[in-house]
Every structure is written in structure tokens, then in C-alpha cells.
Amino acid sequence: MDERLQTEIEAAAFRRLVEHLRSHPEVQNIELMITADFCRNCLAKWLKAEAEARGVELDYETARERIYGMPYAEWKAKYQTEATPEQRKAYEERQKRKQASQ
């Protein structure tokens with residue numbers, strides 16, 4: 001497979017991941033962080049970093065809008081719930097395990 005085709009396939013898979021996350025707003029970012037160690041905001045940060053690495057200016061809020069499909073404040077108001085004590089504890093434990101393994 002040539003590099004151009006590989007890039008197209010990877011880009012399509014990324015778009016599919018973003019669309020999947022958009023279609024499941026009930027999945028909270030904290031749940032993603034606990035189970036996968038990344039969330040929608042992480043994707044936005046990675047998108048911004050990759051744009052900048054290629055000389056393209058992309059501010060964080062615009063990157064988040066590309067991931068969320070709407071302004072973050074709107075998504076947050078519509079879909080984000082307060083983290084439960086159990087979720088907070090699980091997240092803290094995940095972070096401790098992560099730090100211990102580094």
C-alpha cells in the first residue's frame with residue numbers, strides 16, 4: 001500500500017471514530033478517560049497539534065468544534081453530566097496507575 005492510500009484510509013478511520021463519538025453523546029468524556037485514557041478533548045488537542053506541526057493555525061475551540069460537531073459549550077450544556085463519585089475515584093486510580101508505570 002502506498003503512503004497516500006494509507007493516509008486516506010487512516011483519515012477515513014479517524015472521521016469514522018469522530019462520527020461514532022458524535023452519535024454517542026451519552027458516553028461521557030470521563031468514561032472514555034477511565035477506560036481508554038483519551039477523550040474528545042484529547043482528540044481536539046491532537047488535531048490542533050498535528051495542524052500546527054504542518055504550519056496550519058488551528059485554535060483549540062475550533063478543533064473541539066470539529067470533534068464535537070458543535071461548539072463545546074453547547075455540547076456540554078446538552079450532554080455532559082456531573083461526574084459521579086465513583087467515576088472520579090476510578091479516574092484518580094487510573095491516573096495513579098499511569099504515573100506508577102512511567
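The values are calculated or read from the model by the stated rules, or taken from the named source; none is laboratory data. All values derive from a computational prediction rather than experimental measurement. FYI the Cβ positions are ideal-geometry reconstructions off the backbone, even for glycines, and counts take in every protein chain you see. All accessible areas refer to the heavy atoms of the entire protein, side chains included, with ligands and DNA or RNA removed. Shrake-Rupley method; radii C 1.70, N 1.55, O 1.52, S 1.80 Å.
Within the stretch 47-59, the set of residues being open to solvent by 60 Å² or more (accessible area, probe 1.4 Å) and part of a helix (DSSP H, G or I) comprises GLU50, GLU52, ALA53.
Screening the candidates ALA63, ALA83, ALA73, ALA44 for the property of being open to solvent by less than 80 Å² (accessible area, probe 1.4 Å), hydrophobic (A, V, I, L, M, F, W, C) and part of a loop (DSSP other than H, G, I, E, B) yields one hit, ALA83. Looking only at residues in the stretch 14-41 that are within 22 Å of LYS89 (Cα to Cα) and of a type in the set (Asp, Glu), the one that is surrounded by the fewest Cβ atoms within 10 Å (Cβ to Cβ) is GLU26. Cβ separations smaller than 8 Å between residues 6+ apart or across chains give the following pairs from the stretch 71-91 residues that are of a type in the set (Ser, Thr, Tyr) to residues that are exposed (fewer than 12 other Cβ atoms within 10 Å of the Cβ) and not in a helix (DSSP H, G or I): TYR79/GLU26.
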